[in-house]
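Participant: Please read through the structure below; I'll follow up with questions.
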Amino acid sequence: MSEKLVRVGLIGAGANTKLRHIPGFRAVTGVEIVGVANRTLASTQQLAKEYELPRAYSDWRAVLDDPQVDAVCIGTWPNTHCEIACAALAAGKHVLVEARMARNAEEAHTMLVAAQSHPGLVSQIVPSPFGLEQDRFVKTLVDEGYIGDLRELVVIGADDAYWDYTELLHWRQEAEISGLNVLTLGILHETAARWVPATTRVFAQTKIFEPRRPGRDSQGRVDISVPDSVQVLTYLEGGARGIYHFSGVNLFGPGKQIHLYGSRGTLRYRSLPEGEFLECGRAGESAMKVLEIPQEKRGGWRVEAEFISAIRGLERVTRTDFATGVRYMEFTEAVARSAALNQPVDLPLKMLG
């Protein structure tokens, strides 16, 4: 059973597909990548040639129409995730969708309903890669009371990714494509949410400091529709409080960090260019120290292996199922609503209309 052949079709082949998914699938025994459909036929043919894929499909619908395809890996922009994922499930294909799940919570809920309507098919979202190595170890420490009762959560994603406004507009700065998520808010919240109780309320403010920059398609300067700065105050189940600071315009900013402050100690996760680090300081100690994770509790990237194993019936998807994706999509939408209304928004999110 474990060697059952699984044939995967690629729909969209951006950086993550090239860097992770193609080698990840090829590392799993009994998996065949049968072809690709990218944004244009020319790029599709180039990718098929470069990665030695048998088929260059005319468009994504042709991938779904191919009876030789068992599963699809959707690596397109978020504005197409809902349509393609729902169509793929309706066509009887297992689905792996690149994060972010969709543009907004409504689309995410639509995808979840589609997945629930096809319980025999595997539906998975590419998880946040941050903290995967530390994930199980941190969860164990928190659950066993290593830092005592959680009091405060601090989540930071602040750098200079969009500081240079002479650079071309990035698709993540277009709400029509990217949706309501801001910067790395969703992806770092997903990591933090693995370690702490659920968020029950958010109160946010956002800002676009420079509203225009050069467009990608030589159309001159165009409007930016996604904030480049966001701050959020949160409530968590059990009474802890949270602070989120995200920015793409911070020169020498603090980068990506997650802090857990408890009644007996502190855990701090940092993602740096030289690697990821987990530090801890407890009551009575003079300074924080780097924690070494025991090998048996160390995690890592195994998205493609988990997807295939779930298709073969050997395990269930944990990183990340559609229900979990809906929760982080509700969080990012709650932040957007709160900033627009200048008032707190409760979670789970009440859907509009």
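Participant: Over the Cα atoms of region 13-154, what radius of gyration and what Dmax do you get, in Å?
Facilitator: 18.0, 57
Participant: At what distance in angstrom do the alpha carbon centres of region 66-84 and region 120-141 lie from each other?
Facilitator: When both Cα centres are located, 22 Å separates them.
Participant: Can I ask one more? Candidates [x] 1.26; [y] 1.02; [z] 2.09; which is the computed Cα Rg over 2.2 N^0.38 Å?
Facilitator: So the structure-derived entry is [y].
Participant: Another question, then. Residue by residue through region 222-238, what is 3J(HN,Hα) from phi via Karplus (6.51 cos²θ - 1.76 cosθ + 1.60, θ = phi - 60°)? Round to whole Hz and write x for glycine and proline.
Facilitator: Each residue's phi maps through the Karplus curve to give 10, 6, 8, 10, 10, x, 9, 8, 8, 10, 9, 9, 9, 9, 10, 4, x Hz.
Participant: I need the per residue convex hull volume for region 135-299, using only the alpha carbons, in cubic angstrom as a whole number. Intermediate values should be presented prior to the final figure.
Facilitator: Working: hull volume 21.9 nm³, N = 165.
Taking the convex hull of the Cα positions in region 135-299, it is 133 Å³ per residue.
Participant: Still on this structure, please answer the following. Apply the membrane-span-like helix rule to the chain: whole DSSP H runs, Cα extent along the own long axis of at least 27 Å, mean Kyte-Doolittle hydropathy at least -0.5. List the helices found. Show your work: numbers first, answer last.
Facilitator: Values: long enough: 322-341 (28 Å, 0.44).
Passing helices, by number: 322-341.
Participant: If amide hydrogens are placed 1.01 Å from N in the peptide plane, which non-local residues have theirs closer than 5 Å to the one on ASN38?
Facilitator: Answer set, sorted by chain and number: GLY12, THR44.
Participant: Taking R0 as 56 Å, what's the FRET efficiency between GLU106 and GLU285 from their Cβ-Cβ distance, rounded to 0.05? It would help to have the intermediate numbers written out before the result.
Facilitator: Details: r = 47 Å, r/R0 = 0.85.
E between GLU106 and GLU285, to the nearest 0.05, is 0.75.
Participant: Only bridges with both residues in the chain count here: give the DSSP antiparallel percent, nearest 5.
Facilitator: Values: 45 of 71 bridges.
Taking every DSSP beta bridge within the chain, about 65 percent pair in antiparallel fashion.
Participant: Compare VAL126, VAL317, VAL182 in a GNM of the chain, Cα atoms joined below 10 Å, and give the one with the largest fluctuation.
Facilitator: Result: VAL317 has the largest fluctuation of those listed.
Participant: Per-residue ellipticity at 222 nm for the chain, helices alone: DSSP H runs ≥ 4 residues times -39500 (n - 2.57), over residue total, nearest 500 deg cm²/dmol?
Facilitator: Numbers: 10 runs with 94 residues, N = 353.
Counting only the DSSP helices, I get -7500 deg cm²/dmol.
Participant: Among DSSP bridges having both ends in region 9-148, what percentage is antiparallel? Round to the nearest 5.
Facilitator: Values: 0 of 15 bridges.
Just about 0 percent of them are antiparallel.
Participant: Out of the DSSP beta bridges found with both residues in region 135-299, what percent are antiparallel (nearest 5)?
Facilitator: 85
None of the figures in this text is laboratory data; all of them are computed from the coordinates on show. Just so you know, these numbers come straight off a predicted model, no measurement behind them. Because the Cβ atoms are built from the backbone with ideal geometry, glycine has one as well, and the counts that use them run over all protein chains shown.
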